[in-house]
């Protein structure tokens, strides 16, 4: 959970008057309720039980009861449980009322200093090295700011894979422990952020939002060079592949060679 003070008065009023709160983790939500002196009944609603729980909750809603849905670390459904219940309620013609509240992705974007007119929220990246890089490559030409969630034990590897897949010079921001006591924002290039976090163990703890600048028009040459390099490097030594890719695309040979080395680590 973030800072308990982030909750709105409207949200507290709703939690106080509903018949039941469906919570991702009842222990966490019980602490929130206790902090504000609320005694509303709780039931667990998480990824392991929500499919089975939905029919029972729909029965109560259809009978005229008001229920609340909360998740541990932000807004339900945004990389948190809740989609089956909300989808089923709307399909049944039941009213679903959103209560604005904390959302780490939007919170980070509002303070990151990266373009916010267009952005793509992508949740958590794949956990394995190969799948991450393969996925990141598909995002290389997205013009909007890219927003990811990540855990502390994977943040360094994910930043390195972003640098190898999107290019080391992309601007990025690492937002850590938002709204909590140890909140920090680090900004720089993807390649430059890796050693800064590597040198500070405290920056490898907690919950992270990673924001990466989208593809700009001037990135076109670099993207083409990287695409050609990936193809040639399958059959040729890296030095030769980088030289040919630079000649074909107009990109810099040294940059492509460095990128190729990074992709093999």
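Read-outs throughout are calculated quantities, based only on the coordinates presented, and are distinct from any laboratory measurement. Quick caveat, the model's predicted, so the values are computed rather than measured. Glycine also receives a Cβ, built like all others from the backbone with ideal geometry; neighbour counts cover every protein chain displayed.
Counting other beta carbons within 10 Å of each residue's own, what order do 149, 83 fall into, fewest first?
83, 149
Relative contact order of the stretch 4-91, please, whole-number percent, based on alpha carbon pairs below 8 angstrom and at least 6 residues apart.
33
Just want the ordering: 142, 226, from fewest to most Cβ atoms lying within 10 Å of their own Cβ.
142, 226
Normalising by the residue count of the chain, find the relative contact order in percent from Cα pairs under 8 Å and 6+ residues apart.
Relative contact order, the chain: 15 percent.
With springs only between Cα atoms under 10 Å apart, run a GNM on the chain and tell me which of 171, 133, 95 wobbles the most.
95
Residues in the stretch 244-265, backbone N under 15 Å from the label point at residue 231 (7 Å along the Cα-to-beta-carbon vector): list them, ranges by number please.
Residues passing the 15 Å test: 244-251.
Most fluctuating residue of 82, 225, 64 in a GNM of the chain with Cα springs under 10 Å: which is it?
Answer for the Gaussian network model of the chain: 64.
Just to confirm the number: angle between the C-alpha axis of helix 238-249 and the first principal axis of the chain, 0 to 90 degrees, nearest 10?
So the inclination is approximately 90 degrees.
Using the basic label-point model (7 angstrom from Cα toward the beta carbon), what is the residue 116 to residue 202 distance in nanometres?
2.7
Kindly put 165, 116 in sequence by how many other C-beta atoms sit within 10 Å of each C-beta, fewest to most.
The fewest-first ordering by Cβ neighbours comes to 116, 165.
Cα centroids of the stretch 180-212 and the stretch 83-110: how far apart, whole angstrom?
29
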